[in-house]
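Engineer: Can you keep this structure in mind? I'll have questions shortly.
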Amino acid sequence: MSESDSPVGKFCDVCKTEVRAEPEIYQLGIQDRETDEVVTVPVPTEVWCCDCGPGGYEDAFAFKINEAECEYHGDLSPSRLKEEGA
């Protein structure tokens, strides 16, 4: 099972059961630029699972991580750039 596969209608190569998406709150550690402390930011995502265990995060996981980092630091995120037409 690879991360690029959609969980809908896909089966695990190991246990042959259908892969399902389960919600998870990923705890992202971000280093604060002013204090150098690492803060934890919750990022809602999905983990693809089957009967033999978790297989990977959803395709949009890296995008969600990037969005959370930009939002925390006050930077323009890709979605905000798109909204503003920049």
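The values are calculated or read from the model by the stated rules, or taken from the named source; none is laboratory data. Fair warning: this is a prediction, and the values are worked out from it, not measured in the lab. Note that we place each Cβ from the backbone using ideal geometry, even for glycine, and neighbour counts take in every protein chain shown.
Engineer: Go through segment 12-50 residue by residue and tally those that are under 13 Å from His73 (Cα atoms) and of a type in the set (A, V, I, L, M).
Structural biologist: Number of matching residues: 4.
Engineer: Restricted to segment 21-67, and to residues that are buried (at least 17 other Cβ atoms within 10 Å of the Cβ) and in contact with a Cys (Cβ under 8 Å, 6 or more places away or on another chain), which residue is modelled with the highest pLDDT?
Structural biologist: Of everything passing the filter in segment 21-67, Cys50 is modelled with the highest pLDDT.
Engineer: Among the residues of segment 27-66, which ones are under 25 Å from Lys10 (Cβ atoms), outside any helix (DSSP H, G or I) and among the β-branched types (Val, Ile, Thr)?
Structural biologist: If the condition is that a residue be under 25 Å from Lys10 (Cβ atoms), outside any helix (DSSP H, G or I) and among the β-branched types (Val, Ile, Thr), then Val43, Thr45, Val47 are the ones that fit.
Engineer: Could you give me the residue pairs with C-beta distances under 8 Å whose first residue belongs to segment 69-81 and is over 22 Å from Glu37 (Cα atoms), whose second residue is of a type in the set (Phe, Trp, Tyr) and surrounded by 13 or more Cβ atoms within 10 Å (Cβ to Cβ) wherever it lies, and which are 6+ apart or on separate chains?
Structural biologist: Pairs that qualify, where the first residue is over 22 Å from Glu37 (Cα atoms) and the partner is of a type in the set (Phe, Trp, Tyr) and surrounded by 13 or more Cβ atoms within 10 Å (Cβ to Cβ), are Pro78/Phe63.
Engineer: Next question. Within segment 77-86, can you find the residues that are loosely packed, with under 14 Cβ neighbours inside 10 Å and assigned to a loop (DSSP other than H, G, I, E, B)? Full working, then the answer.
Structural biologist: Residues of segment 77-86 that are loosely packed, with under 14 Cβ neighbours inside 10 Å, as a first pass: 78-86.
Result: Gly85, Ala86.
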